[in-house]
Amino acid sequence: MTVAAFALGALLQRLAWATFAVSPLFSLSILPLFVAGIGQAGFHTMRNVILLTTASNAMRGRAMSGVALRQGIGLPAELLTGSLGEPVGPRFTVALQASIAALSSLLAALTPDRRRARRDPS
């Protein structure tokens with residue numbers, strides 16, 4: 001259930017991004033940004049909680065190194081975001097990224113956790 005809640009929280013955040021991207025008024029954009037910020041805080045907190053509670057003691061350091069590595073990979077992705085935003089505009093870029101991220105979150109929420117099924121034969 002924890003992974004599904006994590007994925008659904010991420011989905012909520014990404015839908016808030018998409019709402020922000022298509023919002024024509026500044027005053028209507030404040031609420032989706034607030035919701036996205038709460039979702040992002042929960043996403044990053046839950047990511048580490050799930051990682052630390054599911055990793056064995058021997059693998060915990062390696063797992064946290066993976067999180068740090070992923071954060072470093074995000075920087076070139078931000079460069080790609082900027083290069084896409086230049087020709088097509090920021091609204092389309094944010095809407096496209098939010099839609100792709102929302103679809104991946106929905107897929108993660110609906111996909112059964114196969115690793116847990118293999119570990120727990122009951």
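Please work out how much length the chain gains when fully extended from residue 70 to residue 8, using 0.36 nm per residue of separation minus the C-alpha to C-alpha distance, in nm with one decimal. Provide the component values of the computation, followed by the final result.
Numbers: separation 62, 0.36 × 62 = 22.32 nm, distance 2.07 nm.
Full extension of this stretch gives 20.3 nm more.
Springs between alpha-carbon pairs under 10 angstrom, Gaussian network model over the chain: which of 32, 24, 90 fluctuates most?
Result for the chain, Cα springs under 10 Å: 24 fluctuates most.
In degrees from 0 to 90, rounded to the nearest 10, what is the angle of the helix 90-110 Cα long axis to the longest principal axis of the chain?
30
Which of these, 62, 91, 14, has the largest mean-square fluctuation under a Gaussian network model of the chain (Cα springs below 10 Å)?
Highest fluctuation of the listed residues: 62.
Pulled fully out, how much extra length does the chain show between residue 106 and residue 78, if you take 0.36 nm times their separation in residues and subtract their Cα-Cα distance? Please report the intermediate quantities before stating the final value.
Working: separation 28, 0.36 × 28 = 10.08 nm, distance 2.27 nm.
Difference between extended and current length: 7.8 nm.
With everything on Cα atoms, drop me the angle between helix 2-22 and the longest principal axis of the chain, reported from 0 to 90° to the nearest 10.
Once rounded, one gets 10 degrees.
Restricting the calculation to Cα positions, tell me the Rg (one decimal) and the Dmax (whole number) of the chain in Å.
16.8, 54
Calculate how steeply helix 60-88 sits against the longest principal axis of the alpha-carbon atoms of the chain, using the helix alpha-carbon long axis, and give the answer as 0 to 90 degrees to the nearest 10.
Helix 60-88 sits roughly 20 degrees off the main axis of the chain.
Throughout, read-outs are computed from the coordinates displayed, never taken from laboratory work. From a predicted model like this one, the values you see are computed outputs, not experimental measurements.
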